[in-house]
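Below is one structure, written out as C-alpha cells, with a few remarks after it.
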Amino acid sequence: MRRFKFLRDVDPAVFEDDESQVLRALGGPTCLLFTGKDPSRTRAVVTLLHGNEPSGLIALRRWIALEETPDTNLLFILASVHAALEEPIFSHRMLPRARDLNRCFRSPYDDEQGHLAEEILTILDMHQPECVIDIHNTSGTSPAFASSFDLAPQTLAQANLFTDRLLLMDIVMGTLMEHTTAAMPIVTVEVGGRSEQHAHESAFAGLCKLSQAKSIRPDQAAGTPAQTSSKEADRGKALRTDYETADLAVFRHPLRLELLDGVTLTYASQPRAGYDVTLLADLEQHNFAIVPKGTSLGWTSSPPERLFRAQDGGGRCALSAIVKKEEGCLKAAQDLRLLMITNNAAIAESDCIFYAVAPDGSTISSLAACS
C-alpha cells in the first residue's frame, strides 16, 4: 500500500492557508516535486519526521510563496502529517504508542512507522537526489546545528547552508542520515526550538540557499554570482548561489546520556520527592556551552549506574566520563560541552537527556567500565 501522495509543481494557492490547514488539505504523508532549471538533477528536503517540529513546513510555505524556479528539481517529503494533526496541533512527536519514525530506518520494517520509513527510502532511491537535508526542531532552546556521519566536503557544504555547527556522529540508532552515501549525502539540520522564531528563519534561509545554489558539490563548477529575486530584494536578503567552502565548528562523536528503563525523571529548581532524578529546570541554558567539572546538573539519591547509560560508538560504557554523584547532587564528572539538552521529560525518557563532547569539541574517551 502506497502511503505517500505525490504532487508535482503544486499551485502556490494550496499553501496560502496556515500550516494546520495546509496539512489538513494534504491529508497524509506527501511528496512535492518542483521542476528546476536543470531537471537532470534533484535535491531533496525531508521534514516533519516528527509531528511536533514545524519549522521545515513553515519554511516550505514561505519558499513556495516566492514562486521561483529552483536551480535543480526540488523534492520535499512531508512524513508525519497524521502525528502533526493530532490535537493539539504540532504537539505530538509521533502518534500514541507509535515508534519514533527517525529510529525506524533499518529493518525489520514491520509496523506502520517502519513501512513509512521504508517508503521514504524508496522515494529517495527513485529520485537519486544529489543531496538530502533532513530538517528538525530541537526539543529545547538551542542554536541551529547539523549532524552527519562523515566530514566529506559535500557534507560540510550542505550543513553550511543552514548553520556553522556540525556534530560528527558514530552511534547507529536507525536514523535517516545513516543511509548517507557518497552519491546521496544526507545531513540532519536542527534549526532550533519549535516555538523559536530564529528556528523558522534558519530553516527558510537555508532552504532558499539550497534552492538557488548553482552548485553544492565541490567537484561541480561554481555558479555565477547570485541574482537576487525581486521578492527577496524587497526583504533585504541577498542569497548566494555559488559554492562556498564550509566554515564549521565540528563536535566529534558525542556521547548520549540516556535513562535506564523504569527510571523516573522530572525538571525543577529543587529536588522533587518521588522521582529518581530531578534535573535543573534551566539545564538547557548550557546548550553548546562549556560546563566545568563539578557543575551541578540536578539531584539524585541513587548511583548514576542505576539511572543512566552512556556508550560510545564502539559500545563501550562511558558513563563515568560524563556524570558523578556527590552528596545527593548529580554533577559533571569533568569539563564538558553539552549539546542537544532537552527539558522535556517525555523526550528525555524516550530518547536522551543530552549529548556531550570535550570542551574543544573532541571525543570524550571512555573511562572505567560501569559496574
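Below is a table of values for the structure above.
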read-out	value
Single unsatisfied condition, L124 versus (1) touching a strand residue (DSSP E or B) at 6+ places or on another chain (Cβ under 9 Å); (2) under 18 Å from L48 (Cα atoms); (3) assigned to a loop (DSSP other than H, G, I, E, B)	(3)
Any hit, the stretch 32-52, residues being hydrophobic (A, V, I, L, M, F, W, C) and either farther than 27 Å from R217 by Cβ or not assigned by TED's automatic domain parsing to the domain that holds A157 (or both)	no
Unmet requirement for V46, which otherwise passes all of (1) surrounded by fewer than 20 Cβ atoms within 10 Å (Cβ to Cβ); (2) among the β-branched types (V, I, T); (3) in contact with an Asp or Glu (Cβ under 6 Å, 6 or more places away or on another chain)	(1)
Residue check for T180: in the same structural domain as S91 (by TED's automatic domain parsing), farther than 22 Å from A356 by Cβ and either of a type in the set (S, T, N, Q) or modelled with pLDDT of 95 or more (or both)	yes
Boolean, A144 is touching a Cys at 6+ places or on another chain (Cβ under 7 Å) and hydrophobic (A, V, I, L, M, F, W, C)	no
Subset of the stretch 92-121 [surrounded by fewer than 18 Cβ atoms within 10 Å (Cβ to Cβ) and either in contact with a helix residue (DSSP H, G or I) (Cβ under 7 Å, 6 or more places away or on another chain) or part of a loop (DSSP other than H, G, I, E, B) (or both)]	L95, P96, R97, R99, R106, S107, P108, Y109, D110, D111, L121
Matching entry among E53, E19 (being in contact with a Pro (Cβ under 9 Å, 6 or more places away or on another chain) and on the phi < 0 side of the Ramachandran plot)	E19
Filtered residues of the stretch 264-294 (kept if over 26 Å from the mean Cα position of the chain (by Cα), in a loop (DSSP other than H, G, I, E, B) and aliphatic (A, V, I, L, M))	A273
In the stretch 138-167, residue surrounded by the fewest Cβ atoms within 10 Å (Cβ to Cβ) [restricted to those that are out of contact with any strand residue (DSSP E or B) (no Cβ under 6 Å at 6 or more places or on another chain) and polar (S, T, N, Q)]	N160
Failed item, numbered, when P304 is tested on (1) farther than 27 Å from R194 by Cβ; (2) in contact (Cβ under 8 Å) with a residue 60 or more places away in the chain; (3) surrounded by 17 or more Cβ atoms within 10 Å (Cβ to Cβ); (4) touching a strand residue (DSSP E or B) at 6+ places or on another chain (Cβ under 6 Å)	(2)
Residue in the stretch 135-151 that is over 15 Å from the mean Cα position of the chain (by Cα) and either at negative phi or assigned to a strand (DSSP E or B) (or both) present	yes
Filter result for the condition that a residue is in the same structural domain as I133 (by TED's automatic domain parsing), modelled with pLDDT of 95 or more and over 21 Å from F6 (Cα atoms), over L101, L74, L60, L95	L95
Within the stretch 2-21, tally of residues that are part of a loop (DSSP other than H, G, I, E, B) and closer than 18 Å to I58 by Cβ	4
Out of A332, A346, A356, sole residue that is under 30 Å from L95 (Cα atoms), aliphatic (A, V, I, L, M) and surrounded by 15 or more Cβ atoms within 10 Å (Cβ to Cβ)	A356
Verdict on V132 being of a type in the set (V, I, T), in a strand (DSSP E or B), touching a residue at least 60 places away in the same chain (Cβ under 8 Å) and more than 29 Å from L283 (Cα to Cα)	yes
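Residue-by-condition table, conditions (1) touching a Leu at 6+ places or on another chain (Cβ under 9 Å); (2) among the aliphatic types (A, V, I, L, M); (3) modelled with pLDDT under 95; (4) in a strand (DSSP E or B):
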{"residue": "M184", "(1), (2), (3), (4)": "yes, yes, no, no"}
{"residue": "G206", "(1), (2), (3), (4)": "yes, no, no, no"}
{"residue": "A221", "(1), (2), (3), (4)": "no, yes, yes, no"}
{"residue": "T224", "(1), (2), (3), (4)": "no, no, yes, no"}
{"residue": "K231", "(1), (2), (3), (4)": "yes, no, yes, no"}
{"residue": "L239", "(1), (2), (3), (4)": "no, yes, yes, no"}
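The values are calculated or read from the model by the stated rules, or taken from the named source; none is laboratory data. Keep in mind it's a predicted model, so treat the numbers as computed, not measured. All Cβ positions, glycine included, derive from the backbone under ideal geometry; neighbour counts span all protein chains shown.
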